[in-house]
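K.L.:
Starting off with a structure, shown below.
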Amino acid sequence: MTPEEMAAAVAELMRRAVTTLPGDVLVALRQAVAREEEPARNQLQAMLDNAQAAAHTGAPLCQDTGTPTFFVTTGAEFPWLSLIRPAIREGVRRATAAVPLRPNAVDPLSGVNSGDNVGRHVPVIYWEVVEGDRCRITALPKGGGSENMSTLAMLRPSEGLPGAQRFIVDWMARAGGKPCPPTVVGVGLGGGADLALHLAKRSLLRPVGGRSPLPEVARMEEALVEAINATGIGPMGLGGRTTVLDVHVDIAHRHPASLPVAIVVQCWAHRRADVTISPRGEMTWSG
Amino acid sequence: MERMITTPLSEEAVRSLRAGDRVYLTGTLATLRDAAHRKALALHRAGQPLPLDLSRVAVYHCGPLVRGDGEWRVVAAGPTTSSRMEDATPELISALGVRMIVGKGGMGAATAAACQRHGCLYAVYTGGAAVLAARAVRRVAHVYWREELGEPEALWVLEVERFGPLTVDIDAVGGTLTADVQRAAVDRAAGWNPE
């Protein structure tokens, strides 16, 4: 593979991610339309119509094309490892001009927008090294409105799982219409502060409708979906039965003194796409 | 109720609408986000003129995705979260005579009070429905402050036709919609206990 081919692949990955809504999200939105009444139904229908219009015209579904965020799961034997980081930066630059993407990288000191979605630590890249010789790159363009409703609570361990779950449901009720519900909520429970937030964000990669393999966690996810939807926030906060499309929880062992609960909120436009690259440079796309 | 409205809006037209009404807007939008609010109010306080009269257009909480250079085309233009503009909005309404604001996610009590006192509406458009919103844009009439504030934060003047459906969230006679939904939701959440 050449650096050029890898950069072109990343640009294509971003284009797919921002212009199409994954099938699991479309299914969940259609199911929600069927069970809602006005004004919720009207909001959900606009979301579906918009996704169709974006797919048809090749325009990004939302003007907020997000913070470009990448999850790289690479085999230790993948032969093109050193190309990945520069290719992600170059690919994002190209996609910003070509798709186009909205320039969303602002220097926190000067307030100046870099203009090409590239800056210090941005695009965001999370690495996971596994066995094997293939590399999977997932793009998750993360919108700012929903990210603003993400949070972390360092609870007392005596508050336990009931306290953690009450915190999550209360938080999502207070978030109201701001994160563009129906949202997908990622929860990280345990670990330290940083790990909890990382698990919460990474759990957004799990398909909507997919449950945790841990039975107790899966039950907690179902209870949280039911409780958050029972608050009645509804699509765009205008009232209704559908406040979340799903809740994904991941857990980590915690320090005896700590019970971190992290919430990462993703808007209904839960955009993502991925590509798997073989050691010979063959690419398999999804999303 | 569903209504067509046109900018500039009269106080009478604004006061005749109620929270929950659905409207389609034809006329002119001016996009204002965080930085543009600060700049508009700073100019006003310094006694300097704004590039356009905000009382004759609808203020749109939006950072559009545009293409071109000089000849602009709006690609995607959905609303951004309005609550970020809460602190600046009462003054925007009282000092600059804004009659209508469009955004998403709801606004706070100070905005609702200013809407009632001065005759202003806050309406919401479906967040993320940016391609549908862009279809209602007939023309980019002008852009101000682009060099200084950057593309998302610039003041874009957009001519729109049948932009909507917009749902009135805060009316000019004390009615609110998303704030009521949220209050009830927080109460329900407080009453919930996991098994």
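K.L.:
How many residues, within the stretch A:245-262, are surrounded by fewer than 24 Cβ atoms within 10 Å (Cβ to Cβ), hydrophobic (A, V, I, L, M, F, W, C) and in contact with a Leu (Cβ under 9 Å, 6 or more places away or on another chain)?
P.N.:
3
K.L.:
Still on this structure: For A:M236, which of the numbered conditions (1) more than 22 Å from A:K201 (Cβ to Cβ); (2) more than 8 Å from every other protein chain (Cβ to nearest Cβ); (3) under 20 Å from the mean Cα position of the chain (by Cα) fails to hold?
P.N.:
(2)
K.L.:
Separate question: Within the stretch A:16-43, track down each residue that is farther than 24 Å from B:G20 by Cα and among the hydrophobic types (A, V, I, L, M, F, W, C).
P.N.:
Selection gives A:A17, A:V18, A:L21, A:V25, A:L26, A:V27, A:A28.
K.L.:
Please note which strands (runs of 3 or more DSSP E) are completely contained in the stretch B:100-176 and include at least 1 residues that are among the hydroxyl-bearing types (S, T, Y).
P.N.:
B:121-124, B:137-144, B:155-170
K.L.:
Is there any pair linking a residue in the stretch B:51-67 that is within 14 Å of chain A (Cβ to nearest Cβ) to one that is surrounded by 24 or more Cβ atoms within 10 Å (Cβ to Cβ) and assigned to a helix (DSSP H, G or I), with Cβ under 7 Å and at least six apart or on different chains, and which?
P.N.:
Here the result reads B:H61/B:S82, each pair linking the stretch B:51-67 to a residue that is surrounded by 24 or more Cβ atoms within 10 Å (Cβ to Cβ) and assigned to a helix (DSSP H, G or I).
K.L.:
Taking the residues in the stretch A:53-80 that are over 20 Å from the mean Cα position of the chain (by Cα) and part of a helix (DSSP H, G or I) as candidates, determine which candidate is farthest from the other protein chains (Cβ to nearest Cβ).
P.N.:
A:H56
K.L.:
List the residue pairs whose Cβ atoms are under 6 Å apart, where the first residue sits in the stretch B:72-83 and is in contact (Cβ under 8 Å) with a residue 40 or more places away in the chain and facing chain A (nearest Cβ under 7 Å), the second is open to solvent by 10 Å² or more (accessible area, probe 1.4 Å) and in a strand (DSSP E or B), and the two are 6 or more positions apart or on different chains.
P.N.:
Short answer, once both residue conditions are applied: B:V75/B:R67.
K.L.:
Against the conditions (1) more than 22 Å from A:G237 (Cβ to Cβ); (2) in a loop (DSSP other than H, G, I, E, B); (3) under 23 Å from the mean Cα position of the chain (by Cα), where does A:I88 fall short? Just the number, please.
P.N.:
Only one criterion in (1) more than 22 Å from A:G237 (Cβ to Cβ); (2) in a loop (DSSP other than H, G, I, E, B); (3) under 23 Å from the mean Cα position of the chain (by Cα) is unmet by A:I88, namely (2).
K.L.:
Just checking, which of A:R89, A:R134 is in contact with a strand residue (DSSP E or B) (Cβ under 6 Å, 6 or more places away or on another chain), open to solvent by 50 Å² or more (accessible area, probe 1.4 Å) and at pLDDT 95 or above?
P.N.:
A:R134
K.L.:
Looking at the stretch A:180-189, can you tell me whether even one residue there is more than 14 Å from chain B (Cβ to nearest Cβ) and open to solvent by 30 Å² or more (accessible area, probe 1.4 Å)?
P.N.:
No, that holds for no residue.
The values are calculated or read from the model by the stated rules, or taken from the named source; none is laboratory data. Quantities reported herein were computed from a predicted structural model and do not represent experimental measurements. Reconstructed Cβ throughout: ideal geometry from the backbone, glycine too, with neighbour counts over all protein chains shown. Just the protein is used for accessible areas: all its heavy atoms, side chains included, with ligands, DNA and RNA removed. Shrake-Rupley method; radii C 1.70, N 1.55, O 1.52, S 1.80 Å.
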